[in-house]
Structure formats: C-alpha cells, structure tokens
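Worksheet for the structure shown next.
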Amino acid sequence: LSAGAGRRSASVFFLSDYGLRDEFVGVVHAVIRRLAPEVCVVDLTHGVEPFDVGAGAEALCRAAPYLGEGVVLAVVDPGVGGARRALALRAAATGGPDWLVGPDNGLLLPAAEVLGGVQRAFSLRREDRRVDGAAGGPTFDGRDVFAPAAAALASGIDPEDLGTPVEVSGLVRPVPPRLVRRAGAVNEILTEVTWVDAFGNLQLAVPSADLDPGVGALSVTLGAPGQGLGSLRRVRAFGDLAPGELGLLADSNGRLAVVLARASAALHLGAERGTPVRLTW
Amino acid sequence: LSAGAGRRSASVFFLSDYGLRDEFVGVVHAVIRRLAPEVCVVDLTHGVEPFDVGAGAEALCRAAPYLGEGVVLAVVDPGVGGARRALALRAAATGGPDWLVGPDNGLLLPAAEVLGGVQRAFSLRREDRRVDGAAGGPTFDGRDVFAPAAAALASGIDPEDLGTPVEVSGLVRPVPPRLVRRAGAVNEILTEVTWVDAFGNLQLAVPSADLDPGVGALSVTLGAPGQGLGSLRRVRAFGDLAPGELGLLADSNGRLAVVLARASAALHLGAERGTPVRLTW
Amino acid sequence: LSAGAGRRSASVFFLSDYGLRDEFVGVVHAVIRRLAPEVCVVDLTHGVEPFDVGAGAEALCRAAPYLGEGVVLAVVDPGVGGARRALALRAAATGGPDWLVGPDNGLLLPAAEVLGGVQRAFSLRREDRRVDGAAGGPTFDGRDVFAPAAAALASGIDPEDLGTPVEVSGLVRPVPPRLVRRAGAVNEILTEVTWVDAFGNLQLAVPSADLDPGVGALSVTLGAPGQGLGSLRRVRAFGDLAPGELGLLADSNGRLAVVLARASAALHLGAERGTPVRLTW
C-alpha cells in the first residue's frame, strides 16, 4: 500500500506527559482547531511519565518512521517558564513530518535524526504566539507557545515569521541510553531497559540486528549488583515461549526485548525503565 | 434524528487492549492516516484488559448497534505472531459497519452477529500489508497488518486484493458467558459478571427483558461458594435506590446489572468480571 | 495569530466523567458521527472524578476561554434517569461556543458565565432524541439524549425542535468554591484546593491578580485543624524554586497555586480537591 490519494489535510502528531485526567490535551486540541481548523491532530501518546524527557524522546523515535507529512508537537517540559528555548526543527527527509516543535531539552533531536537530521532550527518567540484569552503565568507553553506554532507551521506559515534561526550545533543533546559492546572469549553487551510497555515487555537499547542470528540464546543479568536470569532463548514471537518462560525477541521496533508470553516481564522481574542489563554469550 | 446529510468520509472504529500509556494507538492512527487520509478514526476504547479477548468481544457487542457505516478494527491479540489467522469479516446488515478486521480468536464474531451475521470472511495476507518502514518482529500486527487492511477496506479496496476467502464455519468461536435458566417452584438463573464498568456497576449476561416485569425483586448470590446479598429490588434508575442500597436495573445495553447509587458495587462487593452470580425468585 | 481561514466544520467539545477504560466515550463519538458526520469532536477530558459535578464545572471553566465556535457537550450526571432536566444553554458571547449541552445540576453554568452568560435555556425532550437502536434503561443519557442534541445544534437545527424554553433563573446553581477575604492588621484569605492536576499542583480558588504584586510571600496553612507550611515565596515559574521548596505561582489559568518544582505538591502534602487553605500576610 502506498500513501492514499484521498482528501488530505495537514496533520499534527502530538505527544506529551500531560496525561488524560486533566483538560490539558483537550485545550491544546482546541487551540489548534481554532487557529487552523483544517488540521487533523493525531495523538501519539500523552502517557509519558511526567518530566521524563528521555522516555518522550524514545517514544517519538519509535513512532517517527510511521508518521506521514505534517508537524510533530512534543511537550515534556520540566523547564517550562525558564530560560530553555522553544524550538521548531526542520527535518531533512521527505515523506514524513517536515517540522518538529517542542522545548530545547533533547526531546526532539533523536526523532529528528530518524527523520533525516535537522536541516534548520528556529527559536520561537514567546510573546507573539499567545492566543487570544491566554491568562495566567508561563506554565503552559503547550497551549500558549507550541500549539500555536505547530498550527502555523501545519498551515504553511513561514518559520521566519515565528522565530529566529539558531545553530543546530547549539541544541541541547540528550544522553543516549547505555549501549557498550565488548567482544572476546565471552561476548558482552552492557545496556539498559529503555521502555516498559503496557504489557510489561522490557525493551533494551540493543538493535536485534546487531546480534548474529546464529546466537540462539544469551545469558541475561538484570540490575546492579545483578540478578542472573540464566540463559534466555531468542524467539520470533511470544507464542514460541512456554508458559512462564522468559525469552528474548526482536520487538516491533527491531530492538531486543525481554518478554514473557501473555504476562508482564516487568512485574515478574521488578524491572523498570533505566534498569541496567548485561548480556553475555 | 436520522443520519446526517453532511460531508461524509469513511469511518474506522478502533478498539484494542493497547492502553493509552504507550504510543501504540497513536501509531495505528498515523498508519491509517498515511494510507487513507480521508478516513476518520473513532476510538471505541483501548482500555480492554490486556489479552482479555472475551472482554473485548463484549465491548464491541455493546457498541455495535450505535456504529454507522465503516470498518471495525479490533485488536486483542495474545496470539500475535503465531499461527492464528488475520481476518476481515463482511457483515450482512446495512447501515452499520460493513467490515470487521482483527485476529481469528473469537474477538469479532459476537459483534458480527449483532451486525447481521458474517456474509463473507477473508484471511488477510501478512506480507503484503506491511507499510513502508515497518521494522522489527511480528509482534505489532495492529500496525503492520490490521490497520493497513482497515484503511484499504475503508477506502473501498476489493477484499480479494487483501486476502483469501475462508469458510465462515471454520472461524474460531468464543465461549459465551454463562447463562442457565431453570424454572420450577423456585426460578433460578445461573450467570456471571460480564463487565465491571468504571462506575463499578456489575453487568450480568442476563437480558433484562428475559425477566417478567412483574418480578419486582430477586435474591442474589455472588461468587462461589457464594455470598448472599439478600433480595434486591428491580429499579428503573440509580436515583430510585436509597443511599447504600444494592439494586438491579436494566442498564444502557438492556442487560441486568447489580448497582449502587453513586457508588461502586464492584468495590463494595469485591466482584470482578467473571464472578459467578445466582438469581432466584 | 487570529482564527484560521481554512476549511471549517462544526466542533463539539466533549467533557465527561466516563473515563477511557470503557467504550462510553467511543459510543458517544460514534453517535455524533452518525447523526452529523461533518462535526469534529474535540475531547476536553473524560478524567473528571466520577460524579464530581463541581470538578467538571471547574475544568469546563478553565477550558472555556480557549474554545472556538461550536457546542460544549458535558456529562457528569449522577442524577441520570431521575427528575433532573437535560439542558441546552445559549451562550451570549460570540467567537466561542454558542451552546452548552448537559444535565441541569450546575455543571454548565460557571462555564456559561465565562462565555458571556446564558442568553436562552431549553429543557431537552428525552424521547425524541433517542437514536435508532437505543436499548436498555435510562442510564446513558450521554448517548441517548445529550449527544444527539449536541449533534443537532452543531448542525444548526433550531433549538425549539429539541425542547422547551425554560427560565434561566430556575437553573440549578452550583456551590462556588470557598473564597473569603479579610483585611486587617493581618490580611487573610480562606479558600480551598479546587484542582489537583496530574503533576500534583494545587490550584486554589484565588485569582492571582487579586493579590498585590508587592506581596512577595504568604503564610500558608493547609487542612483543618491545619498544617502550617510556613511562608511560601511567590514565584513566576517552577524553575524559580529550589529543589524541594514549596512555592506559590500564578498558574496557567491565572489562579494562585501551591507547587513544588518537578515534583507533586499534592503527594508531598497529602492534599486533595476540597482541602481547606488559609493564606495570611
């Protein structure tokens, strides 16, 4: 299937740590609709752990290859109201999102790399982007700064009208997840859990393709000082595991993941995002 | 009110056990939008308990009478990546959804019955439905198989282009909830809790219309060996109950439900989906 | 940025206490789409605490200034199926929502005041608004009464076709949150927590602009009999606080809020919606 030829309006792909209990997400939708009624807002997720910029960056990276043309709007922003810049980044690749909008704290850069790298960067002016009726302090830039900018870019407004060009080299870069490989008599990878999904699967920073397909099982140690899980089989799908058997598979992003069939590996093992993992074979 | 005459684009009605914490649902939306930008995706719910195929089937049945034309996309799929087939089912009734797309594990059939029964069934080919950029193992068929098929069917693509016709008689059938009725000196119904909603109401498998309107109260026993709740009044609405009084009413799907006014019967009674219930009168 | 000039279809802004675990919200979307396919439904939130009419009213008020033209559909409705009326209220102001639809229990009035006051009020007829296929008891008016009315009003149907004009003076008024100010040798405000957001910030009923900007710190007592929090500094943004320091800021609605930087004041203090607060300076 190639991209459809039907009626097309601009898309804004929206990710945040706002959660869905409050009206934050709804208000951002309303602001975009008011400014650019032809735009369709696609919610990627708003379930990022509050303030966890790295988790938001990981989720954006996983989603990025599946997004069509449009604007990514991402807000995980513990520094809101402070000195951190508000950004619009132009992605180099074609076919996917053209722009990424969000705070200058490392949230956007990894996904921008997936989308071909940053071609140009703009620091958004704060004052101009306020919508009519904006009240209160500078604590909700998703509503007051980022949503108006995303709506404008989705509508084709010139980014020079929104802010000032800045050097790509000066953007805040995130700390990448741990991934150290040592070859020898015993091969070893030191890494960490980058994502615990709702089913309790433990995604690691290791691309599955980095491991020789001939390696059918790996010894896994979890945490520090370390809980030995023994030798886990690499399988193709959850159903290849016996009930209660821990295994390793290439997950839907091509990353190595520690999983249980029809049960939560995270609950079973007490693991969470950031837990260190050692693989040997 | 009859169906509106305004601008109409195709609808996809999407239900899953993906939850909203991760980006799974957002990525499925993005894939559909990329393939069929004119389609409107309506989220039915993504809060089905992980892996609970029966709960997903029940939710689809409850929603089915209210859906207009379009495609149902339902994914509760513990067997993903295994031998289970991927299905597209043609519903016989007109006015509602024409197609149901999802795994062959019993999830779709009860709702298809509500929609007039299955007229034709197709087993979707896996390989052809991958979107560009799909990476990783076969663990996210919602993204890689079902969403592309739903987008294609919503766009009017011939189902023969998507898969192979299969026998309706060979589809996996779900185990229906327990519903046994015994008439005698004492009338008795043995059933179970089919749904605990967010308000804590306990829906039973019993259509309220099956009980003679003249029966104004029933003795209810919950669980096994069984906690006697005494004789509960049948009422029309929550407000007809005194504070703290348990009662029975015809819920919004016409099913008998055990309820408390403005409080959670489930919390009060410690009941959950699947809890056995005995009614006598 | 002014309102966009692109393709515009009617909007329904939807808030409820339905949660997202069940299919309630999805079914309401489907009903609106069936009756008025050109309408765009914007979900404000469905995370209002079940039955908490006041919390729903507060959330609507916070969102109201950011909504464009359209219809507000709000359902927090513990009295469903009882004698309470179903309402459509015409807002006096232009540029924002023209109509608010929901139960006559105080949920709509505060937001209607934000939108210029109630110009006209209608009591919706129950029977006529049922969609085809509606089953069961009168426990889901969001689906059976309010959504059809919102769809009709968004489509421009004459409100006289939906119900009967009623006196605005007879509408159920909510109890406003506590806000008592006493001037003297010691200035004092007695108020309460009106909202605990997902980040744990404690919004008070006090407009920040009511406090002289020269007052740089206030003594805060929480709860009854009262836990003294000492003197808290008024700051502009979260980042102006030291780690672990409680402070006061003007939040994104212009209300005074008790906050911690990058942590939950609510968890730290054990406060919740309705907790009494005393401010002195």
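The values are calculated or read from the model by the stated rules, or taken from the named source; none is laboratory data. Since this is a predicted model, take the numbers as computed values, not measurements. Here the Cβ positions follow ideal geometry from the backbone for every residue, glycine too, while neighbour counts run over all protein chains shown. Surface areas here come from the heavy atoms of the whole protein model, side chains and all, with no ligands, DNA or RNA. Shrake-Rupley method; radii C 1.70, N 1.55, O 1.52, S 1.80 Å.
A few comments on the model shown:
- Restricting C:Gly239, C:Gly247, C:Gly230 to residues that are open to solvent by 60 Å² or more (accessible area, probe 1.4 Å), of a type outside the set (Asp, Glu) and free of Cβ contacts under 8 Å to residues at least 40 places away in the same chain narrows the list to C:Gly239.
- When region C:150-167 is limited to residues that are assigned to a helix (DSSP H, G or I) and either open to solvent by 40 Å² or more (accessible area, probe 1.4 Å) or at the interface with chain B (Cβ under 9 Å from one of its Cβ atoms) (or both), the one that is farthest from B:Gly95 (Cα to Cα) turns out to be C:Glu160.
- Qualifying residue in region B:215-222 (condition: touching a strand residue (DSSP E or B) at 6+ places or on another chain (Cβ under 7 Å) and closer than 24 Å to B:His46 by Cα): no
- Which listed residue is within 22 Å of the chain's Cα centre (by Cα), open to solvent by less than 40 Å² (accessible area, probe 1.4 Å) and in contact (Cβ under 8 Å) with a residue 40 or more places away in the chain, from C:Asp141, C:Asp197: C:Asp141
- With a requirement of 3 or more residues that are within 20 Å of C:Val172 (Cα to Cα), touching a Phe, Trp or Tyr at 6+ places or on another chain (Cβ under 8 Å) and more than 11 Å from chain B (Cβ to nearest Cβ), the strands (runs of 3 or more DSSP E) lying completely within region C:4-86 that satisfy it span C:71-75.
- A count restricted to region C:87-97 and to residues that are more than 14 Å from every other protein chain (Cβ to nearest Cβ) and not in a strand (DSSP E or B) stands at 1.
- Within region B:49-67, the set of residues being at negative phi and open to solvent by 10 Å² or more (accessible area, probe 1.4 Å) comprises B:Glu49, B:Pro50, B:Asp52, B:Val53, B:Gly54, B:Ala55, B:Glu58, B:Cys61, B:Arg62, B:Pro65.
- Applying a threshold of 6 Å to beta carbon distances and a minimum spacing of six or more residues, or different chains, the list of pairs starting in region C:257-270 at a residue that is over 21 Å from C:Pro207 (Cα atoms) and within 12 Å of chain A (Cβ to nearest Cβ) and ending at one that is outside any helix (DSSP H, G or I) and open to solvent by 40 Å² or more (accessible area, probe 1.4 Å) reads C:Arg262/A:Phe51.
- Scanning region C:177-189 for residues that are open to solvent by 20 Å² or more (accessible area, probe 1.4 Å), of a type outside the set (D, E, K, R) and in contact (Cβ under 8 Å) with a residue 12 or more places away in the chain gives C:Pro177, C:Leu179, C:Val186, C:Asn187.
- Scope region B:98-120; condition more than 19 Å from B:Cys40 (Cα to Cα) and part of a loop (DSSP other than H, G, I, E, B); matching residues: B:Asp104, B:Asn105, B:Gly106, B:Leu107, B:Leu108, B:Leu115, B:Gly116, B:Gly117
- C:Leu100 open to solvent by less than 10 Å² (accessible area, probe 1.4 Å), farther than 24 Å from A:Ala36 by Cα and touching a strand residue (DSSP E or B) at 6+ places or on another chain (Cβ under 6 Å): no
- Filter pass, B:Leu190 being part of a helix (DSSP H, G or I) and more than 14 Å from chain C (Cβ to nearest Cβ): no
- With respect to the conditions (1) in a loop (DSSP other than H, G, I, E, B); (2) under 28 Å from A:Asp77 (Cβ atoms); (3) at pLDDT 95 or above, C:Val172 lacks only one, and its number is (2).
- Of all residues making up region C:20-79, the number that are closer than 27 Å to C:Gln203 by Cβ and of a type in the set (D, E, K, R): 7
- Considering only residues in region B:71-85 that are in contact with a strand residue (DSSP E or B) (Cβ under 8 Å, 6 or more places away or on another chain), in contact (Cβ under 8 Å) with a residue 60 or more places away in the chain and open to solvent by 10 Å² or more (accessible area, probe 1.4 Å), the one that is nearest to B:Ile157 (Cα to Cα) turns out to be B:Arg85.
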